[in-house]
Every structure is written in C-alpha cells, then in structure tokens.
Ligand code: XUL
Ligand code: CO
C-alpha cells in the first residue's frame, strides 16, 4: 500500500532550490565538524503526532486528512505502521519513537491489550529489519486512560500503581524486543492539582521506587537502553514533579538513581518552565545528564504546550552549539515531538513540517560549527573570566582562598573595575553567522 503516493523521496537540492519538497540545508552525507550531518542529527519521527494525531483540540474534532483513518481497530493500527515506514523512507529519517498506546488499541483487559501490542510489535520488527530503521525510544502512556486520573507512579491508589507497573513491564519488554536505544519516562500525570489532598513525600518515594523496579527489570531481561526522564513543569497537572532539568537531577540524586538515568529535554517544556532550551541542555550537560532531545518550539504568547515544529534558527543554532560542545548526544537523538497546526490538515503538511524542522536544525548545525570554529563566544567568555586564571582568582578556583585572604586582598585593591558584557554585539555577530550559512 502506498500511503503518500503523490510524494516522492525528499532530496537535498541546496539553498537555491525553490522546491518545497526538498531539503535546502539538510544534506545527510555532508561533513560538518568532522562528522556527517546524519551522524550529528539523529532525527526521529514521533508516532503520536504524525501517525496517531488527528488535529482535535478542546474546541473541535480532528481535521487531519489521513488516508489510514478509514480503518479502525487493529486494521487502523496496521495501516499506521505501513504509513510510518513509507514516511520515514521518503524523508530519509532513520529513527522513530512511540508510546505503547500509540501503536495498538487498548482491549477489554490488560491481556487483550498486550496481545494487540504483540501483533503490532511483530509487524514493526519486520519493517525495521527490512528498512534498517531504528527505535530511538519507546515509552508507556500512563496518562491518557481515566484510571490514571490521580497519577500512575504517584497515584493515591495502590491498584493503579500496580497496573502502571504491569504496563511499564510490558513496555520494557517491547523496548528490548525492538532494540530501543533509549527508554523514556515522561510523568504525564505525575504531579498534583493541590497540596490540600496530596502526600507529596509518599508520591515521590513511590515514583522513585517504580524507577528502581524498572532499572532492576531491565537488568533482569538484559534490556540495555539508556533510561531517560523527560522534565515538564506543568500540563496536564498543575505542578509536575519532574519540573525541569535541575529539579529532576536533584530527584535522581536524592534517591540514588542518577547513575541509571539521563534526561530527554524538550524545547517547549523548557519555555513552559521559564527557561530557554539551551539553558536546560546546559544544566544537563554540566551534570553529565544530557541524553536526548524532543525538538519542537512553543509560542511564547501562550501558556501551554503547543508543540510546533522547530523553525527558530536562533534556538536551533544555540541548541547545536550545546550539542557540539557535548560531543554529540551518544545514543540520543532529535525527536520531532511536534505536530502540524490544526489548519495544516493535508498529508503533505507532514512532509513540509518535518522538512522545515530538519532544515532548521541542519542550518543551526552549520551556524553552530562556524561559531565554535571562529571561537566567537569562547574567546569572549575566556577573556571575561580571565581574572580567575591568576592571582586571587586562581586561589579562589583552586580552593586555597579563605575569607581572611579575600579580605586582605579587597582592603588593598581599589578601585574595582568592571567590563561590559557586550550582549548586543554578540547577538549581532551571531546573526551574521546564521545569515551566512
Ligand atoms: C508531552 C510529551 C510527551 C513525551 C512522551 O508533553 O512531550 O509526548 O515526549 O510521553
Ligand atoms: Co516530549
């Protein structure tokens, strides 16, 4: 079956191309900073937005024209697998991600749900083998069904917690079966609406225990994926426990889990937390906790998660600076956790959207490599902190300074002179680089 018969393979045609169904910047085999673009940018398609999403919002039903939606039940699930692999092939993308409930419908019982999953996982496995496509990560959707109204790993009801454990166990088995490179935990309902009815300490202890059980079970079955936690500050709950990178790292350290997890950071989650994407990546990097990225962008005029495709070159450039400085993402990738707008309802919009995101990251990569090569920021930052390389500054850095020596120095050192931070000049220079690549 050909689900996108009117669209061919998307090729790199370069900056001068006027073809909207071609890459202007993403050239998989082009070498940037010693590696191919394909190696730097391990792009992934998100099953939930691209195959399962319908364009429904709280005010109206779905608008998306998706030819596979004429089926239902397991036939629909199978058609989506076919559509996914055709889509990946035409885009030239090598990875995808899914929640368990994206790929197969829930049955009347957990047993039936798991049988549905087995059928689709078999089909996905065959398609992965035939195409060479890999699973960047899978996850368990423990937030959609009404049983998770009060949470899953932080539920106030032990029966719900046990159900979540069973679902997680199956999900880890699926990850192992499909050779997932990572496994993601996003705590969709792991938070609270009000402290008035919440035992926060018990909920967080329970959540940590569930993570511990997952680590143990993965070891038991020989599933060696990198575990990732995806922070988000709010939505759907008013307060999500994995608020941002710093909060999540503190949680993992508090419960002795930091060695088993890294972070999957998402641009729109960063801005909801009042941070830039590059801030979140920097924090994770500082703690050796950067795992993978969910690429999208929010709308700063709106207070919720809009999951737009990333097109802001400033953000993709600064993101790629962080990635290059980190020496890449290892087994992580750049997953388009992004959806076409409700008004962009035609199947070809899925191609335009991914092309826009991939080209924005490819251009960001080129700009970032140039920025680093020209040492524009590095040189400025080195100069800015040069007082810490000698004298009293060096004593501070090496830990030799005491309040006595600082006082002695300050009493004799007058006047103090500061220098400009030159923010505007740096931004103008970055603009020039982005325009030039
Ligand atoms: C929700 C979100 C999720 C996770 C996976 O905001 O980002 O789709 O990426 O559960
Ligand atoms: Co996400």
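The values are calculated or read from the model by the stated rules, or taken from the named source; none is laboratory data. These figures come from a predicted structure and were not determined experimentally. Cβ coordinates were reconstructed from backbone atoms using ideal geometry, including for glycine residues, and neighbour counts include every protein chain displayed.
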Which of the numbered conditions does residue 224 fail, given that it passes all the others? Conditions: (1) within 14 Å of ligand 1 (Cβ to nearest atom); (2) under 30 Å from residue 131 (Cβ atoms); (3) surrounded by fewer than 16 Cβ atoms within 10 Å (Cβ to Cβ).
(1)
Pick from region 224-235, criterion touching a strand residue (DSSP E or B) at 6+ places or on another chain (Cβ under 8 Å) and assigned to a loop (DSSP other than H, G, I, E, B), ranking: nearest to ligand 2 (Cβ to nearest atom):
230
Is at least one residue of region 18-40 modelled with pLDDT of 95 or more, in contact with a helix residue (DSSP H, G or I) (Cβ under 8 Å, 6 or more places away or on another chain) and under 21 Å from residue 178 (Cα atoms)?
no
Inside region 311-336, can you point out the residues that are touching a strand residue (DSSP E or B) at 6+ places or on another chain (Cβ under 7 Å) and buried (at least 24 other Cβ atoms within 10 Å of the Cβ)?
332, 333, 334, 335, 336
Output the number of residues of region 268-281 satisfying the condition of being more than 16 Å from ligand 2 (Cβ to nearest atom) and either in contact with a strand residue (DSSP E or B) (Cβ under 8 Å, 6 or more places away or on another chain) or within 18 Å of residue 361 (Cβ to Cβ) (or both).
2
Screening 164, 155, 130 for residues that are free of Cβ contacts under 8 Å to residues at least 60 places away in the same chain, farther than 24 Å from residue 293 by Cα and within 23 Å of the chain's Cα centre (by Cα) leaves only 164
Over region 7-29, the set of residues without any contact (Cβ under 8 Å) to a residue 12 or more places away in the chain and surrounded by 14 or more Cβ atoms within 10 Å (Cβ to Cβ) is 13
Kindly indicate whether any position in region 324-331 is within 25 Å of residue 420 (Cβ to Cβ) and free of Cβ contacts under 8 Å to residues at least 60 places away in the same chain.
yes
The number of residues in region 179-196 that are in contact (Cβ under 8 Å) with a residue 24 or more places away in the chain and surrounded by fewer than 16 Cβ atoms within 10 Å (Cβ to Cβ) is 3
Might you check whether a residue that is more than 16 Å from ligand 1 (Cβ to nearest atom) and within 22 Å of residue 350 (Cα to Cα) occurs anywhere in region 289-311?
yes
Any residue at all in region 193-209 that's within 16 Å of ligand 2 (Cβ to nearest atom) and under 22 Å from residue 175 (Cβ atoms)?
no
Scope region 50-75; condition touching a helix residue (DSSP H, G or I) at 6+ places or on another chain (Cβ under 7 Å) and buried (at least 17 other Cβ atoms within 10 Å of the Cβ); matching residues:
50, 51, 52, 66, 68
Tally time: how many residues in region 410-426 are surrounded by 10 or more Cβ atoms within 10 Å (Cβ to Cβ) and over 38 Å from the mean Cα position of the chain (by Cα)?
2
Under 23 Å from residue 95 (Cα atoms), touching a strand residue (DSSP E or B) at 6+ places or on another chain (Cβ under 6 Å) and surrounded by 23 or more Cβ atoms within 10 Å (Cβ to Cβ): is that true of residue 364 in this structure?
no
Please count how many residues of region 135-163 are surrounded by fewer than 24 Cβ atoms within 10 Å (Cβ to Cβ) and either within 16 Å of ligand 1 (Cβ to nearest atom) or not in a helix (DSSP H, G or I) (or both).
11
Test result for residue 85, without any contact (Cβ under 8 Å) to a residue 60 or more places away in the chain, within 28 Å of residue 227 (Cβ to Cβ), within 16 Å of ligand 1 (Cβ to nearest atom) and not in a loop (DSSP other than H, G, I, E, B)
no
Identify the single condition in (1) without any contact (Cβ under 8 Å) to a residue 60 or more places away in the chain; (2) surrounded by 11 or more Cβ atoms within 10 Å (Cβ to Cβ) that residue 407 does not satisfy, given that it satisfies every other one.
(2)
Within the group 257, 265, 252, which residue is touching a strand residue (DSSP E or B) at 6+ places or on another chain (Cβ under 6 Å) and more than 16 Å from ligand 1 (Cβ to nearest atom)?
252
